[in-house]
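Single-structure report; data block below.
The values are calculated or read from the model by the stated rules, or taken from the named source; none is laboratory data. Keep in mind that this is a model prediction, so the values were computed, not measured. All Cβ positions, glycine included, derive from the backbone under ideal geometry; neighbour counts span all protein chains shown. These accessible areas exclude ligands, DNA and RNA; they are computed on the full protein's heavy atoms, side chains included. Shrake-Rupley method; radii C 1.70, N 1.55, O 1.52, S 1.80 Å.
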Amino acid sequence: MSKKTKEPIKTVIGDSEFESRLLCESRDLPFLLEKAERCGRFGFDTESSGPLLRTSTPKRRKSRKYKKFVNMELSTTSGYSVAFPDGTSYYVPLRHRKQNCPHRPAVNTLRRLLTETGAEAVAHNWQHELKALADLKIDGFFPTARDSMVELWLAGAGLRAGLAWVFGLKELSKKWLGYEQLKFEEVVGDSSFDQLDPQARQTIQYACDDAITALLLHDKFAPTIKDWGLWDWYRDVEMPFVWICREMQDTGIVPDVEGLQKLHDRVSPQIARMAIEFEQTTGGISVASSSQLQGLFGQYWPTEINGRPVSKTKAGGFATTKEALEKIYPHCGKIGQQLIDLRLEFNKYDKIRSTYSQGLIEIASQFPDGKLHPSYKQVGTVTGRISSADPCSQNIPSRTDIGKEVLECFRTEEGRVLGSADYSQIDLRVLSHFENDVLAEAYRAGVDVHQRTADLVGCSRNQGKTVNFARIYGAHYNKMAYQLKSTREEAKQFMEGYEAAYPKVGRLVKTVIKHTYRRGYVRTLSGRRRLFPELLKYDPDITARGFKAVKDGDLTEAQLFRLWGKEREAFNCVCQGGASDIVKKAMVDIWKSRPTSGFRFVTQIHDDIRWDTPDVPSEREVSAIAVQRAMEKSWESLRVPLVAEPVSGYTWKDLK
């Protein structure tokens, strides 16, 4: 190493000790290649500088402080760091004000590290790193790339934050390594990373810490993935899927800004009308105020059902969420039900105004191409479905008339055409795979399963569809009654009819739940696990006793409801998680074969894969056929056939 290299910065993390140095002379770069080949793996991270992206939603509903992230579409890569298992790490500055390593040899060394050494390149959130590498003109798929964030997700080692799971490197470093990293704000302040002195102790430590902790987390959790038999799935499906998420984000979504503005102007008077109607009916209560809505309980809305209190918030007030209102709906009078309908309709329109018109216009204005570039979260859900933010394309309304107007405001680029292929009833097909009885026979025979359920249960096809999915999602009679617009007793009769028509489904549910209590996890088709460690301390039959278990003092009522919720989540994960495995595998198969040279993934919405191609008949038709074939053959060991239905168009509304 050069004599000009400063004294190393020592970092102790558990039993590991690292020495971090600045590397800014080209003659020292070959040393990194030699180390990578000798060690067989290295931690890797980049630092970026650029304007901040203002997101569409504030951190807290009552706050106007918005989340802040670097706008990667406008950022530049300031430098990169590597850490080796021998306890050494290095920061290579590229675009600081001074003391940079010569650019071309430094970038070429990084390219060779990723493509020639054969060493595992461990980063935390490779999707981000791919964008930073693209800025350096480094692209392609790196077979030895490893992502500690995906590994921790597969190992069920995320951090719970309310209803969400957090996989931020700094939070995970603190939890699993006992090491608290420097915060970005502490190091950068109101400046940007490229303005920092690369020779400063904090600059080197901050840059190297991410590479070090990514490597240590990989070393800690990779053995778990191997022990669970998930390594092949991780390497062959999850890692290539990182590149797919990056491709979707880069491709982006084209918004019709003028159409969104017109939509905003049109729904605003309707929102005002609903607010006035609600206030007039209730004597001045605001439809938008959860605190004021408390006054409706005991008058129009019940405070208890069958002798038990209705859902409450942690603060002790009555819950007014969509789910809570749907539960009490069957127990309300005519005016109470009208008020619930009005509240839910108001929320729907208000979200369209704030999130899907104003919000999207604001986000799109921050990108030079005027597109939306959602951030896709491969580890965003416990079932395996991907999620996205800014915007959340999975939650864009589609079934209502106003939702269809929103869809019409998403279009394709000039000269290109959109394609979409949607799996038919994939969650139910996964359920039938495990049931392998009456339901599976119906799918193998090509029968309309919703109509068959309707015939067996004695209801309409639409009601039969609701009952079919209620079994997967564990919807109880109150929610079913709301969805069916029926009484609780009718919903109960429909579900009892379903259990009689498909007896093995009920037995399957009981078996899955019993095994979850005994093992503490469920598995999806790929072998992925969702952990339920809290169930291990309970007897598998305790919830079957229902409120008798509460009366006997074995459970509190809150514990009983929580256990019932966990049981629903466990069975749902088997079906929905298996479906997400199939979709993900299909997308990787498509990505590897690349139907045409102009094919690009645009987004994925649950079981719906979307892409675009040049608007040429040959490209459009070849892509549709290739995607359909890959989707239908994605999981050949499934006991029932998979069916995908491709369509094309120029707006998202055309794809429905």
Peptides 555-568, 510-523: what's the order by average Cβ count within 10 Å, highest mean first? 510-523, 555-568
May I have the count of lysine pairs in the stretch 384-508 with C-alpha atoms under 22 Å apart, counting pairs 8 or more residues apart or located on different chains? 7
Tell me which residues come under 5 Å, amide H to amide H, from residue 600 once H is placed; ignore anything under 5 positions away on its chain. 612
Add -39500 (n - 2.57) for each DSSP H run of 4 or more in the chain, then divide by its residues: what number comes out at 222 nm, to the nearest 500 deg cm²/dmol? -14000 deg cm²/dmol
Using the Karplus curve 6.51 cos²θ - 1.76 cosθ + 1.60 with θ = phi - 60°, what ³J(HN,Hα) values do you get for each residue of the stretch 364-377, in whole Hz, with x for Gly and Pro? 4, 5, 8, 10, x, 8, x, 8, 9, 10, x, 8, 8, 10
What the Cα atoms of the stretch 106-259 span along the principal axes, largest first and in whole Å, is 47, 46, 42
Please report the antiparallel percentage of DSSP beta bridges with both residues in the chain, rounded to the nearest 5. 85 percent
Percent accessible area from carbon and sulfur atoms, the chain, protein chains only, probe 1.4 Å: 48 percent
Distance from the Cα centre of the stretch 358-372 to that of the stretch 17-31, in angstrom? 40 Å
Near the amide H of residue 53, under 5 Å away, which other amide H atoms are found, from residues 5 or more places off or on another chain, if H is placed in the peptide plane? 69, 70, 71
Residue-wise HN-Hα coupling along the stretch 510-521, computed from phi with Karplus coefficients 6.51, -1.76, 1.60 (Hz; x: Gly, Pro): 5, 5, 4, 5, 4, 5, 5, 5, 7, 9, x, 7
Expressed in angstrom and ordered largest first, the alpha-carbon extents of the stretch 442-587 along the principal axes are 44, 42, 23
For the chain: Kirkwood Rh in Å [reciprocal of mean 1/r, alpha carbons]: 27.4 Å
Sorted by mean Cβ packing within 10 Å, highest first, what order do the peptides 591-601, 146-156 take? 146-156, 591-601
Once the dipole of the chain is set up with Lys and Arg at +1 and Asp and Glu at -1 on Cβ about the Cα centre, which of 544, 386, 358 lies farthest towards its positive end? 544
In nanometres, the difference between 0.36 nm per residue of separation and the alpha-carbon distance of residue 86 and residue 358 is 92.8 nm
Given R₀ = 56 Å, what would the calculated FRET efficiency be for residue 281 paired with residue 26, taking r from the Cβ atoms and rounding to 0.05? 0.15
Just to confirm the number: angle between the C-alpha axis of helix 103-115 and the first principal axis of the chain, 0 to 90 degrees, nearest 10? 60 degrees
Between helix 29-39 and the chain, what is the angle of the helix's C-alpha long axis to the longest principal axis, kept within 0 to 90° and rounded to the nearest 10? 60 degrees
Taking loop as defined by DSSP and a crowding limit of 12 other beta carbons within 10 Å, which trypsin sites (Lys or Arg not before Pro) in the stretch 373-478 fit? 399
Mind checking which lysines have their C-alpha under 20 Å from residue 98, skipping anything on the same chain fewer than 8 residues away? 3, 4, 6
Checking rank on 11-17, 176-182, with mean other Cβ inside 10 Å and highest first, the result is 176-182, 11-17
Determine which lysines satisfy two conditions relative to residue 633: a Cα distance under 24 Å, and not lying fewer than 8 residues away in the same chain. 584, 585, 592, 656
For the chain, the per residue accessible area (1.4 Å probe, Å²) is 45 Å²
Against the longest alpha carbon principal axis of the chain, how many degrees, from 0 to 90 and to the nearest 10, is the axis of helix 239-251 turned? 80 degrees
